[in-house]
1. Look through the stretch 1-10, keep the residues that are touching a strand residue (DSSP E or B) at 6+ places or on another chain (Cβ under 7 Å) and open to solvent by 10 Å² or more (accessible area, probe 1.4 Å), and return whichever of them is farthest from ligand 1 (Cβ to nearest atom).
2. Just a yes or no: is a residue in the stretch 201-216 in contact with a strand residue (DSSP E or B) (Cβ under 9 Å, 6 or more places away or on another chain), over 30 Å from Ile593 (Cβ atoms), without any contact (Cβ under 8 Å) to a residue 24 or more places away in the chain and more than 16 Å from ligand 2 (Cβ to nearest atom)?
3. Out of the stretch 597-608, which residues are at pLDDT 90 or above and either open to solvent by less than 50 Å² (accessible area, probe 1.4 Å) or assigned to a loop (DSSP other than H, G, I, E, B) (or both)?
4. So, in the stretch 480-507, how many residues would count as being modelled with pLDDT under 85, part of a helix (DSSP H, G or I) and touching a helix residue (DSSP H, G or I) at 6+ places or on another chain (Cβ under 8 Å)?
5. For the stretch 67-77, give me the residue count where each residue is of a type outside the set (D, E, K, R) and touching a residue at least 40 places away in the same chain (Cβ under 8 Å).
6. I'm checking my understanding of the structure. Among residues of the stretch 163-187 that are outside any helix (DSSP H, G or I) and in contact with a Lys or Arg (Cβ under 7 Å, 6 or more places away or on another chain), which one is surrounded by the fewest Cβ atoms within 10 Å (Cβ to Cβ)?
7. Can you find, within the stretch 92-102, the residue that is nearest to ligand 2 (Cβ to nearest atom) among those that are over 35 Å from the mean Cα position of the chain (by Cα) and surrounded by 20 or more Cβ atoms within 10 Å (Cβ to Cβ)?
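The values are calculated or read from the model by the stated rules, or taken from the named source; none is laboratory data. On a predicted model such as this, the values are computed, not experimentally measured, just so you know. Here the Cβ positions follow ideal geometry from the backbone for every residue, glycine too, while neighbour counts run over all protein chains shown. Areas reflect the complete protein model, heavy atoms only, side chains present, ligands, DNA and RNA absent. Shrake-Rupley method; radii C 1.70, N 1.55, O 1.52, S 1.80 Å.
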Amino acid sequence: MLAIEIKKLNKFYQIGNSKFSVLNEINLEIKQGEFVAIMGPSGSGKSTLLQVLGLLDHSDSGTYRLFGRNLENEPPNVLSDIRGSMIGFVFQQFHLLAKSNALQNVCLPALYTDITNPNQVAENQLTKVGLHDRILHTPNELSGGQQQRVAIARALLNDPPIIFADEPTGNLDSKSKIEIMLELQRLHIEGKTIVMVTHEPEMAEYCDRIIHVIDGKITSEERKKKTMDNPYPFQNFFRRKSGWNLVKGIFKQSLFSLASNQLRTFLSALGILFGVVCVISVMALGEGAKKSVEEQFSSLGANLVIVRTGGMRSGGVSLEAGTVNRLDIDDVSAVSKKFPEVKQISAVVNGRAQLVFGNRNWNSFVTGASPNYESLRNLDPIEGRFFTEEEENKRALVCLVGNTVVRELYEGKNPVGTYLKINRVSFRVIGQLPEKGSTGYRDQDDVVLVPLNTAMRRLLNKDAVDNLEMELDPNESSESFTKAMKQFLHERHGTNESMGNIYQVMSMADIQSAVSETNQTMSTLLVALAAVSLLVGGIGIMNIMLVSVKERTKEIGLRKALGARESDIRIQFLMESTLTSLTGGIVGLVFGILTVLFLQEYFGWTIVLSFPSIGFAFLFSISIGILFGWWPSEYAAKLSPIVALRSE
Ligand code: ADP
Ligand code: MG
């Protein structure tokens with residue numbers, strides 16, 4: 001069987017409008033086991049011919065059979081697999097991966113081709129080329145001759161029947177040249193078919209046969225020696241590595257390439273890192289704000305509506321609230337009679353008072369209200385009980401105290417059963433109020449609650465009430481209720497709209513939905529902004545990936561020469577970009593959570609770290625990696641092996 005059989009091979013390069021012929025009607029037969037030199041002046045098409053023979057480049061017409069197989073119409077994947085299984089390449093520029101050691105370089109073909117025990121094979125090959133003590137050296141720790149010997153060992157890893165060498169001694173000193181030629185001769189003696197391009201007659205002396213090429217044509221040939229009779233046994237055409245092992249190997253390569261470029265990886269991950277920190281903390285803040293609003297409002301009571309008197313305008317002078325038209329105690333029954341949608345109602349008076357317990361003093365807020373204030377405002381005592389209707393009617397001297405008062409006067413101990421002096425009048429403490437927190441401008445726990453009549457007659461000396469607080473049927477529209485309520489109060493107290501905004505009706509449900517809506521808008525906006533920073537991070541990754549692809553064009557060409565399919569290159573670069581963004585995502589996640597905890601700890605903000613937000617950040621950073629890695633990896637995958645190898 002012939003190793004190579006070429007008939008009427010032509011190849012052109014298009015330069016501007018004119019076609020330029022590099023290979024012109026080439027006919028060539030090379031027997032198995034032959035050691036052939038292709039010689040000719042520079043620019044005569046030697047390399048182009050070798051690249052067509054080595055399936056790195058394609059011809060424009062003619063037939064090519066390799067070990068009997070016609071390769072005219074084979075798709076790129078088949079050509080990749082054949083390169084990986086059948087062919088060994090040795091290049092003038094060695095093409096070793098700079099950051100990998102000799103052993104790793106020699107093992108590279110095993111990434112794409114199924115080779116049993118590649119490490120062992122690689123070590124054996126390195127030993128055979130005399131580098132057993134250099135296997136952990138990187139290329140820059142090796143001389144040119146040693147590097148080329150590593151490259152020869154790499155070409156032999158897949159045990160190919162044929163080897164193509166393009167000026168393998170072109171970059172070497174004369175001693176190394178001889179070493180390399182002796183290596184090739186050794187392989188020749190083993191029976192391998194070798195096709196070598198050279199312009200040095202001394203090197204061609206080692207070969208059986210010399211073919212002279214001038215201007216893309218074979219002009220003459222000379223035979224030096226007889227061809228070997230016992231050529232190297234023919235290997236399987238296809239030894240492509242299978243799915244899972246292939247992906248595993250490429251994954252390791254991606255990790256290795258990221259790890260050997262740590263600074264670059266870190267910088268490209270940085271954008272994603274900040275983006276994720278932003279998204280996580282903003283989402284946590286948004287959730288926290290929502291939760292704290294909900295808590296605040298639910299602690300106020302369900303569907304609470306508060307009516308209070310505002311200032312009256314008289315000739316441009318604003319009179320103090322409550323000075324003219326005051327709400328009175330009779331409004332309570334009038335309102336319940338007129339408005340069946342009011343489920344319960346209490347009048348409320350407010351004032352300040354000096355509290356004394358033992359030798360402690362505290363100035364606090366006094367509220368007087370009726371017994372249904374307990375359910376109206378969700379005030380179930382945490383200790384003791386609420387006051388009763390009877391106590392209200394008898395103007396009993398009983399009170400409930402808020403948390404702040406308990407802290408200031410009782411050092412946090414149970415106050416129930418003690419006697420507390422409020423403005424020098426002694427009150428029996430019958431209960432402690434649940435904690436309500438602060439509304440921002442007022443501590444709602446700094447309060448003493450007494451029966452309404454007690455407050456009005458015995459403590460604050462008021463005829464009028466300050467507020468009417470009521471629970472509105474949740475099915476009623478608070479807007480029309482507000483209007484009707486104002487109308488009703490104007491009629492009852494002989495006032496009108498033109499006198500100013502006298503009665504203020506506040507519906508907590510309305511306020512809550514307004515606040516929540518604003519919060520929602522704010523947090524959506526902030527999350528969108530944070531997401532934009534993630535996008536910017538993605539663009540950063542894309543840029544750096546593109547630079548990396550450009551910088552590694554030769555590496556891509558080499559991988560293709562060693563049998564990588566387009567998809568293998570695509571997967572590798574996609575993995576690299578995805579791993580980069582994932583790294584940013586995970587580190588960002590950690591920093592995001594730390595940021596949230598920090599804000600919680602030092603600013604006391606209510607922050608809710610939700611799993612959806614973590615999952616979102618995580619998935620988003622992966623998708624960014626895939627999305628923005630797509631174009632660079634596609635670009636890398638589509639590079640033609642020879643264009644990539646020739647790039648500078
Ligand atoms: P050799 O190896 O014999 O020195 P090559 O095979 O590298 O020559 O190149 C043969 C001719 O083809 C040269 O004239 C070279 O300039 C030209 N050539 C090589 N590659 C390209 C290309 N990609 N586009 C256009 N011309 C090319
Ligand atoms: Mg050349």
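1. Step one: of the stretch 1-10, the residues touching a strand residue (DSSP E or B) at 6+ places or on another chain (Cβ under 7 Å) are 2-10.
Subset that is open to solvent by 10 Å² or more (accessible area, probe 1.4 Å): 2, 5, 7-8, 10.
Details: Leu2: 23, Glu5: 21, Lys7: 20, Lys8: 18, Asn10: 13 Å.
The qualifying residue farthest from ligand 1 (Cβ to nearest atom) is Leu2.
2. yes
3. Within the stretch 597-608, none qualify.
4. Restricting attention to the stretch 480-507, the residues satisfying the condition of being modelled with pLDDT under 85 are 494-502.
If we keep only those that are part of a helix (DSSP H, G or I) as well, we get 497-499.
Cutting the leftovers down to touching a helix residue (DSSP H, G or I) at 6+ places or on another chain (Cβ under 8 Å) gives us 497.
Total satisfying the criteria: 1.
5. Total satisfying the criteria: 4.
6. Filtering first and then ranking leaves Ile163.
7. Per the criteria, the residue is Phe94.
To keep it simple, each residue is scored yes or no on (1) of a type in the set (Lys, Arg); (2) assigned to a helix (DSSP H, G or I).
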residue	(1), (2)
Gln93	no, no
Gln104	no, yes
Thr116	no, no
Leu126	no, yes
Asn140	no, yes
Ala151	no, yes
Arg154	yes, yes
